[in-house]
Amino acid sequence: MQTSNPPSALPTTEDQPQNAEEQTPPSRRRYSFLFIFSNLLTFAVLGLWIMQNSVNAYYQQTYHQPSPLAFLDDYALWHKGQEIGETLYKKHDQVQLAIQKFNQHWVDLFNQEYAYTAEFKQQQALKAEQQRLLAQQRAAAQAKQALLDQFRINKQQQVFFAGDSLMQGVAPHVQKYLQENYQVNTVNLSKQSTGLSYPSFFNWPKTIQETLQSNPNIKILVVFLGPNDPWDMANPAGGRYLKFQSPDWEALYRSRIADIFQTAQQHQVSVMWISPPNMRKDSLNQQMIYLNQVITDEVKKHHGYVIDSRALLGSQNNVYSDYRMENGVSSKTRSADGIHFSVEGQKIVAAKIAENIHVVS
């Protein structure tokens, strides 16, 4: 019987190449090494070329001598690398910011369209509104505190009261309080039937200017003017009188308030202004509402502090009231004429003024 030839023996492990490196010709390995080395060297030189400022600064700060690269400063091509490096450095922050904005845009878009439910969006909107209101309240409180910090005086400084018959009733209570508790002297030039409409009768801006010039100890000016001012005013340029509430009338009236503030600021005097109260007679009350708006706006424009007498005396929504209700107790704040204050009303306004004056040792 004829037998078939035996199959060729399988190669053993010893007969197979050990790794790919043994299969690579030496010339090719040298080429790969040179290629990698040349690339690394190229990037290193390119990095030095572009970042030469940083390299030079580091070397000088570390070794306290000129950088070895300093000799290249004479070559224009070397300086070109410096320019490229500075340009890239300037663009880096812009590019990074643009990328961040781009990423945030898509994150926000995804959240709004897919991730956030309607309830979540509502909660976020409510939270944002609460934070906005809280920020407004904090800002208002800080602004008010900064305003009130103006009214700090020492015992050698004085308070000046300027106003009409309403101030004549209020000022003595504040004067007594300051004298008895802090031995602070005051000046009270209040005069009935006066205001800012008729300087020919009594010129308050001029009187205040002369008083502040003659008494450098005055550091707080408390003003209560306005109730006697709802009249047509003489036109300083001549001709017909300026009609009450007309634009020209208001501009002139505001300028007289501004004059008082300009004088006060020149003498480093802080100004507190009590706004007109509501009145029983409806036509007069409407005039006071208008004057209140003008005075309050102009005083705040000049960083003065406004004390609103209306709510203090019991008025609500610009409706006149003879009485003030507080903690379930009613007190009469107005006199029988529906214009002036009762003694209790005077004390209430005076207490508010005194509350904002801080005497330091």
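The values are calculated or read from the model by the stated rules, or taken from the named source; none is laboratory data. These numbers were taken from a predicted model, which means no experiment stands behind them. Using ideal geometry, Cβ is built from the backbone for each residue, glycine included, and neighbour counts are taken over all protein chains shown.
Numerical summary
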read-out	value
In segment 130-156, residue nearest to LYS300 (Cα to Cα) [restricted to those that are of a type in the set (S, T, N, Q) and surrounded by 11 or more Cβ atoms within 10 Å (Cβ to Cβ)]	GLN150
Any hit, segment 198-211, residues being touching a Gly at 6+ places or on another chain (Cβ under 8 Å), assigned by the TED database to the domain that holds HIS340 and under 18 Å from ILE339 (Cα atoms)	no
Members of segment 49-64 found to be in a helix (DSSP H, G or I) and under 18 Å from HIS92 (Cα atoms), listed by number	TRP49, ILE50, GLN52, ASN53, SER54
Pair list, Cβ under 9 Å, 6 or more apart: segment 80-98 residue in a helix (DSSP H, G or I), other residue of a type in the set (Val, Ile, Thr) and surrounded by 10 or more Cβ atoms within 10 Å (Cβ to Cβ)	GLY81/ILE50; GLN82/ILE50; ILE84/ILE50; GLY85/ILE50; LEU88/ILE50
Some residue of segment 200-207 being surrounded by 17 or more Cβ atoms within 10 Å (Cβ to Cβ) and over 34 Å from the mean Cα position of the chain (by Cα)	yes
Residue in segment 159-172 that is assigned to a loop (DSSP other than H, G, I, E, B), in contact (Cβ under 8 Å) with a residue 60 or more places away in the chain and crowded, with 17+ Cβ neighbours inside 10 Å present	yes
Filter pass, ASN217 being assigned by the TED database to the domain that holds SER330, surrounded by fewer than 19 Cβ atoms within 10 Å (Cβ to Cβ) and over 22 Å from PRO199 (Cβ atoms)	yes
Residue within segment 48-61 that is over 15 Å from LEU72 (Cα atoms), at pLDDT 65 or above and exposed (fewer than 10 other Cβ atoms within 10 Å of the Cβ) present	yes
Subset of segment 87-99 (residues that are modelled with pLDDT under 75 and closer than 25 Å to ASN56 by Cα)	LEU88, TYR89, LYS90, LYS91, HIS92, ASP93
Lone qualifier among SER331, SER321, SER283 - being out of contact with any Phe, Trp or Tyr (no Cβ under 9 Å at 6 or more places or on another chain), among the hydroxyl-bearing types (Ser, Thr, Tyr) and without any contact (Cβ under 8 Å) to a residue 40 or more places away in the chain	SER283
Residue in segment 203-218 that is among the aromatic types (Phe, Trp, Tyr), modelled with pLDDT of 95 or more and either outside any helix (DSSP H, G or I) or under 16 Å from ALA354 (Cβ atoms) (or both) present	no
Scan of segment 130-158 for residues that are outside any helix (DSSP H, G or I) and under 12 Å from ILE220 (Cα atoms), ordered by number	ARG152, ILE153, ASN154, GLN157, GLN158
Some residue of segment 158-178 being among the hydroxyl-bearing types (Ser, Thr, Tyr) and under 27 Å from TYR253 (Cβ atoms)	yes
So LYS352, is it within 24 Å of TRP249 (Cα to Cα), surrounded by fewer than 20 Cβ atoms within 10 Å (Cβ to Cβ) and of a type in the set (Lys, Arg)	no
Total residues in segment 179-202, condition assigned to a helix (DSSP H, G or I) and either under 23 Å from VAL294 (Cα atoms) or touching a helix residue (DSSP H, G or I) at 6+ places or on another chain (Cβ under 7 Å) (or both)	0
Scan of segment 151-185 for residues that are within 34 Å of the chain's Cα centre (by Cα) and polar (S, T, N, Q), ordered by number	ASN154, GLN156, GLN157, GLN158
